[in-house]
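Take a look at the structure below.
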Amino acid sequence: MRRRSAPTVDRQWGTQTRLGSRIPLASLIQTLAVAEYLNFRHAANALGVSLSSVSARVKTLEEDLGVLLFERHARGVRLTEAGRLFVERAAAGVDQLDHAVKTAGMAASGECGRLRIGVHTIIPGSFLAELLQRYREDHPSIEIEIMEGTARDAVMQLRADRLDIVFVAGTPELPDCHSRQIWSEPLVAILPDRHPLAEQSAVTWAELAGETFLVRHGGTGPQVHDHIVLRLAGHWPAPSILRFDVGRSTLLSMIGQGFGITVVGAASTILTPSGVAFVPVADEPEPVPFSAVWSPFNRSAALRNLLSLAAEIGRSSRAD
């Protein structure tokens, strides 16, 4: 039950007042209009309502408040000191309410709000980089938060409602999440530029079988590890895979220094550091898919707009 404030006695009117009682919004708006025009008839015309309606609502409000807001005279009205203070604060409140209504409408349509995104990495010029750039241009009032990590960590954050959407390599089938393939990239091997295979136009998994592979603990490292094991299953000896807790640039530097090789999606070739070569894997059965994963309970319009834009860019890329 809503607690009302204690009655007070207005000295001018001599009546009890409950300032905690609810005030109809229409009464506030009509009172503000009278305060603006200082004339009941002009206020009624501006609002498109009858003069009697405005007069009655203002009078009822004054009686409810126990405060005289306007002094009436033949040529119009003027605000009392109490009325001036009331109108100043009421106008601010109505403005805030109007802003709240507009903000709620914009959030419902995905034009403002927040979107929390989990990624393995963002490479300039890649599909994901283009998607995020286009989205920010189309929806500048959306606050975007980016978290970088492994697919496993990102999905855990998604389930804990700390992320709205994650982009991962592969096509995960998660019973409690929605997922959709968004784009794909050919698989390429990264070799030291002095490697015997570096000059070839393409390599096969059989040619890579005896190599030492380097993968990261973070990013897509766990998925790269599992992919190498899958493709080289049955080869003897088993593939040598070393895992490092380093960033992408450090891993590429290690490859350039001859520590080993790795495999990545073709987007990584956009930024080519010195000392390494990117060679397509010829017998990879299909490009590496990348998917979006999100909660089926997330009704965010901002999320919906991002997925729609991703589908649009994907169709455009396939058409080209």
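Taking region 137-164 as the range and being among the charged types (D, E, K, R), more than 21 Å from residue 247 (Cβ to Cβ) and open to solvent by 70 Å² or more (accessible area, probe 1.4 Å) as the test, the residues that pass are 137, 138, 143, 159, 161, 162. Of the listed requirements (1) open to solvent by 60 Å² or more (accessible area, probe 1.4 Å); (2) farther than 20 Å from residue 94 by Cα; (3) in contact (Cβ under 8 Å) with a residue 40 or more places away in the chain, residue 71 misses just one: (3).
Please pick out the residue among 144, 182 that is of a type outside the set (Ser, Thr, Tyr), more than 20 Å from residue 265 (Cα to Cα), assigned to a strand (DSSP E or B) and touching a residue at least 12 places away in the same chain (Cβ under 8 Å).
The match here is 144.
Considering region 1-58, the residues that are at pLDDT below 55 and within 15 Å of residue 83 (Cβ to Cβ) include one that is most open to solvent (accessible area, probe 1.4 Å), namely 12. Answer yes if at least one residue in region 257-275 is free of Cβ contacts under 8 Å to residues at least 40 places away in the same chain and buried (at least 16 other Cβ atoms within 10 Å of the Cβ), and no otherwise. No: zero hits.
Here is a list: 168, 155, 188. Which entry is among the aliphatic types (A, V, I, L, M) and part of a helix (DSSP H, G or I)?
Working: 168 fails: part of a helix (DSSP H, G or I); 188 fails: part of a helix (DSSP H, G or I).
Answer to the check: 155.
Residue 233 fulfils the conditions (1) closer than 27 Å to residue 175 by Cβ; (2) under 36 Å from the mean Cα position of the chain (by Cα) except for a single criterion, (2). Looking at region 119-130, is at least one residue under 21 Å from the mean Cα position of the chain (by Cα), part of a helix (DSSP H, G or I) and not hydrophobic (A, V, I, L, M, F, W, C)? Within region 119-130 (the criterion being under 21 Å from the mean Cα position of the chain (by Cα), part of a helix (DSSP H, G or I) and not hydrophobic (A, V, I, L, M, F, W, C)), the answer is yes, since at least one residue qualifies. The listed residues are 41, 57, and the only one of them that is within 46 Å of the chain's Cα centre (by Cα) and among the basic types (Lys, Arg) turns out to be 57. Considering region 215-245, and only residues there that are aliphatic (A, V, I, L, M) and open to solvent by 40 Å² or more (accessible area, probe 1.4 Å), the residue that is modelled with the lowest pLDDT turns out to be 238.
The values are calculated or read from the model by the stated rules, or taken from the named source; none is laboratory data. None of these values were measured; they are calculated from a predicted model. Glycine gets a Cβ as well: all are built from the backbone with ideal geometry, and neighbour counts include every protein chain shown. SASA here: full protein model, heavy atoms, side chains in, ligands and nucleic acids out. Shrake-Rupley method; radii C 1.70, N 1.55, O 1.52, S 1.80 Å.
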